[in-house]
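Heads up: the structure comes next, in C-alpha cells.
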Amino acid sequence: MDQGWHGYFLSFMFSQIPGSDASRMLEMKKHLARFYGRLAKASVPKASRPEWSEFLPKIVLAPDLPVPKHSKVNLRDVTINDGLHWHGLVLVNPLAPKLQTSLDDHIKTNLRKYLVGRIRTIHVKPITVTPENVTEYGLKSLKNRFSTDEIVIFPRTMSELPANGPDPRKGPARATGEKPTYDFQRA
C-alpha cells in the first residue's frame, strides 16, 4: 500500500457444503480460485499473459471460525459449515487497465458474477486503518486454529499450476456443481 496499491479486506461466506472438514476446505478453496479467476479477468486484458502479471490483484486468504462477540451474529453464519468462512487481504494495482472503479464498488456492481460455486456472500471493505492491524485481524485464525498450510495466495505461481493439465482419463477436477472453466493462468 505504501507503493500506491489499494488495499481491501475480504470476507467470504459459503452455502452449506457437505462432507468432512477437509473436503469442505478443499471445496471452498476451489470456489475461491474461481472467484479470483473472474477478478483477474476483470482487471487485465489477458490474465494468463506474463506481461500483465504485475497488474493482477494480489490476494492472501485464510480460513476462520466464529468467536463469541458482544454484537449479535446471524445464526445462519455460525451454523452453516460449522461457521467456517474465509478472510483475507487484497491489493489492487491502481494501474490495472480494466478495473476502473474501487474494488468494493466493482464487486457490489457485479456481485452475481462473483458469487460462484457455493460462495454465498462477499464483503469488501477498503483498508482505512493501518494495514498491520487489518492483516492481524484477517489472519488471526492462523495463531491457534489453522495451519499456515491452509493459506491461499493468488495469483498462483507457474510452478503451482499443472504442468500438462488434468489427467484426460479422469477429466478436470471440479467442485460439486462447478461448470467447466478455462484455467487462465496456464501457459
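Derivation of every value follows stated rules applied to the coordinates shown; laboratory data play no part. Bear in mind the structure is a predicted one, so any value in this text is a computation, not a measurement. Virtual Cβ from ideal backbone geometry, glycine too; neighbours counted across all protein chains shown.
Can you compute the modelled spin-label distance between Met1 and Ile151, with each label point 7 Å from Cα toward Cβ, in nm? The two pseudo-label positions are separated by 1.8 nm. Sum up the charges of everything whose Cβ sits under 15 Å from the Cβ of Pro45, counting Lys and Arg as +1 and Asp and Glu as -1, but leave Pro45 out. Net of charged neighbours comes to +3.
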